[in-house]
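Data block below; observations after.
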Amino acid sequence: MKRILLPLALVLAVSAQAQITNNPKAKVDPKNNKVSNPVVEKPKVKLMSRDELRACINQQDDNNKEAEAIKVEQASYKSNAEKLKAEKLTVEAGEAELGKLIEGVKTEKQGILDMHAALTAEASKLSKDELKARNEAYQTRVNAFNGMFEKIKAADGEQGARRKDFAAKVDGLDAQFKAMEERTEKHFDALDKWKAECQNKPYDEADEKAIRKEKAAAAGK
């Protein structure tokens, strides 16, 4: 038994010594130099003050509101962009139609010039009645051409106004995008600021409840 007890006593002594060595923060009774209940003092967690927490909550609420407002602006931009795509097709169709009218006028103008040249060249060979008939036909064609020309002038004016209006809308859409982009960047900066100053920082839940109650009361006024 003694051979067994002696090693056990040594083991216990070594174990006690290891506890003292490995736990430098353990409290020691100065009278008997024996280890009392080992206690490791944990550093106190510093909580945010109520004012600090209020600032973080306000900032978070503002960020959430801004995020929703940006979503609305994005939807508005998308809707305006879709409308402009459809309007662009209308403008392009108007340009194509105007182009056809212009080509038609050019062709008719050349036909009238050719008719006049032929009438001039053959006038001496024609009888009085033939010359009169051809002059009348020529004049009728000229009058019709003048009507075509006035129609083109009106169409060109309408298309020009359509072009100008479309260009203004494109500029407006570009401005909307730029403003939305800048607003989004500011929002991201605000989110980064909140993360740096508030995220994962400890606080008293009682303070949060009190602040939320204050805000609800203020909103109800």
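If only Cα atoms are counted, what is the Rg of the range 107-221, and what is its Dmax, in Å?
Answer for the range 107-221, Rg first and Dmax second: 38.4, 114 Å.
What accessible area per residue comes out for the range 50-180, rounded to a whole number of Å², with a 1.4 Å probe?
Details: 8940 Å² over 131 residues.
Per residue, the range 50-180 has 68 Å² of solvent-accessible surface.
With each pseudo-label sitting 7 Å past Cα toward Cβ, what's the Leu173-Asn58 distance in nm, one decimal?
4.1 nm
The values are calculated or read from the model by the stated rules, or taken from the named source; none is laboratory data. All figures in this text were calculated on a predicted structure; none of them were measured in a lab. Heads up, the Cβs are rebuilt from the backbone with ideal geometry, glycines too, and the neighbour counts pull from every protein chain shown. Protein only, heavy atoms only, side chains kept; ligands, DNA and RNA dropped before computing areas. Shrake-Rupley method; radii C 1.70, N 1.55, O 1.52, S 1.80 Å.
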